[in-house]
Amino acid sequence: MPLTFDDLVHRARALPRDGRRAILGVAGSPGAGKSTLAESLVRELNGTGEPWVAHVPMDGFHLADAELERLGLRDRKGAPETFDAAGYAALLRRLRDDDPVDTVYAPGFERVLEQPLAGAIPVPPTARLIVTEGNYLLLDRGSWVRVRLLLDEVWFCEVPERERLRRLIARHEEFGKSHEEAVSWVHRSDQRNAELVAGSRDRADLVVPEPALPRPTG
């Protein structure tokens, strides 16, 4: 039978075992619907009761523009080397250690400013499932290898290429780029990253096809 969103909810709910905190990774190329899936899972699993699922995106580990300028990487923003992968792995390790007392604060990412924000996401001790999402969770180089080892499962979102590109261009336009600027950025920078991410697909525990993905809003 075809995979459904309800199947994904049931699978995610079963990940924490014996009271131990679990971390679910959601990977995929830019525009594949990772954030929408992660947010939908968290909303569905938390329901109306006490929240027990937290959403911690990888995007908070973008290097700031000032550092990208210093490194000569400003025009490669979004590529693997423009993230603090070691810092991300360290946060996942801290979350996995599951301190029964302290809230862990994770960085967020401000889409309008396109900058990371320190301490923006609280993860309370009561969180039993952490849903994290990003492009490079399955990458097999550098500190990204440590990231994969800290995740109980990684799911790979897959949508038809034409639809993925349409969504990505629309996202860049929403946050201030002209249509021409958005198309140029998608085909020059995002597409190189997408090809790299696509090469990691076979390392996923589950490939999630478009029909099982919730529809993006807006």
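The values are calculated or read from the model by the stated rules, or taken from the named source; none is laboratory data. From a predicted model like this one, the values you see are computed outputs, not experimental measurements. Cβ: placed from backbone, ideal geometry, glycine included. Neighbour counts: every protein chain shown.
Looking only at residues that are of a type in the set (A, V, I, L, M, F, W, C) and in contact with a helix residue (DSSP H, G or I) (Cβ under 6 Å, 6 or more places away or on another chain) in the stretch 84-100, which one is nearest to ALA22 (Cα to Cα)? Among them, the one singled out is ALA89. Counting only residues that are without any contact (Cβ under 8 Å) to a residue 12 or more places away in the chain, touching an Asp or Glu at 6+ places or on another chain (Cβ under 7 Å) and in a loop (DSSP other than H, G, I, E, B), the stretch 62-90 holds 1 of them. Please find, within the stretch 16-38, the residue that is nearest to the chain's Cα centre (by Cα) out of those that are aliphatic (A, V, I, L, M) and either part of a helix (DSSP H, G or I) or more than 30 Å from ALA79 (Cα to Cα) (or both). Within the stretch 16-38, the match that is nearest to the chain's Cα centre (by Cα) is ALA38.
Given the criterion more than 23 Å from GLN191 (Cβ to Cβ) and surrounded by 17 or more Cβ atoms within 10 Å (Cβ to Cβ), identify the matching residue among LEU68, LEU113, LEU138, LEU95. Sole residue among the options that is more than 23 Å from GLN191 (Cβ to Cβ) and surrounded by 17 or more Cβ atoms within 10 Å (Cβ to Cβ): LEU95. LEU129 falls short on exactly one of the conditions (1) at pLDDT below 90; (2) surrounded by 21 or more Cβ atoms within 10 Å (Cβ to Cβ); (3) of a type in the set (A, V, I, L, M), and that condition is (1).
Scanning the stretch 1-15 for residues that are touching a residue at least 24 places away in the same chain (Cβ under 8 Å) and either hydrophobic (A, V, I, L, M, F, W, C) or assigned to a strand (DSSP E or B) (or both) yields a count of 6.
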